[in-house]
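Since the structure comes first, as structure tokens, the remarks are kept for the end.
The values are calculated or read from the model by the stated rules, or taken from the named source; none is laboratory data. Values in this document were obtained by computation on a predicted structure and should not be read as measured data. Positions of Cβ are generated from backbone atoms using ideal geometry, with glycine treated the same way; all protein chains shown enter the neighbour counts. Quick note on the areas: whole protein, heavy atoms, side chains included, nothing else; ligands and nucleic acids left out. Shrake-Rupley method; radii C 1.70, N 1.55, O 1.52, S 1.80 Å.
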Amino acid sequence: MSARPRPGANRAVLAVAGLALLLGGVWLAATWPGLGSRLPGWWPAARPGSVLLDREALAGLRTRGWWTPAAVAGPAVLTLLLLWRCASRFRGGGTSLDLPSAGGAVRAGALAEALAQRTASLAGVSRCRVDITARRTRLHVRTHLWLDPDMPPAAVLGPLAALRDEAEESAAPYRIVGSIRINSRARPAPHVR
């Protein structure tokens, strides 16, 4: 089933964010004057009235061979990880649902479009919109119907239940849960001249 979340991207972004927060916390803790007496002996201490990384120390870092590649590669890798995460969240094809037939799969968007067309073809329904979200072995189906004027909602519920049962049978092993929102289109008021 490929509707699972992508844990690699999630974990990579969480690891980078956690590392950035950890380094920021260490930096703040090291530069706070009240913690100076509690730091270990090997920790670089700031001179009184100065900062931890002053101009001379920064110039000393820039003379080292690893500084420039690290200063360029660090933000570049972070930017690429965040772009990869963003791209993986908004894939173009939508969620693919594996079906029990040999090699069978259907996109959630295609299934939603097919359900919307079938629902819109029911008597008394003037328009329909269907959104499908896959969660493990469940498909959350949100249906929004607009009924014709003077059509009672009870007249549409029976065919809707039959259509839902048919969709659940064809989407097995997924179980369909969802909600239906029904709006009625009012007849336009006659214009008085």
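Can you tell me which condition A57 does not meet? The list is (1) modelled with pLDDT under 80; (2) part of a loop (DSSP other than H, G, I, E, B), and all the others hold.
(2)
Of the residues in the stretch 129-146, how many are surrounded by 13 or more Cβ atoms within 10 Å (Cβ to Cβ), touching a residue at least 24 places away in the same chain (Cβ under 8 Å), β-branched (V, I, T) and over 13 Å from N183 (Cα atoms)?
Adding up the residues that qualify gives 3.
Going through the stretch 147-183 one residue at a time, which ones are over 17 Å from G109 (Cα atoms) and buried (at least 16 other Cβ atoms within 10 Å of the Cβ)?
L147, M151, V156, P159, L160, L163, I180
Name the single residue, out of those in the stretch 107-128 being open to solvent by less than 80 Å² (accessible area, probe 1.4 Å) and in contact (Cβ under 8 Å) with a residue 40 or more places away in the chain, that is nearest to T95 (Cα to Cα).
A108
Taking the stretch 107-134 as the region of interest, how many residues are part of a helix (DSSP H, G or I) and over 18 Å from A162 (Cα atoms)?
3
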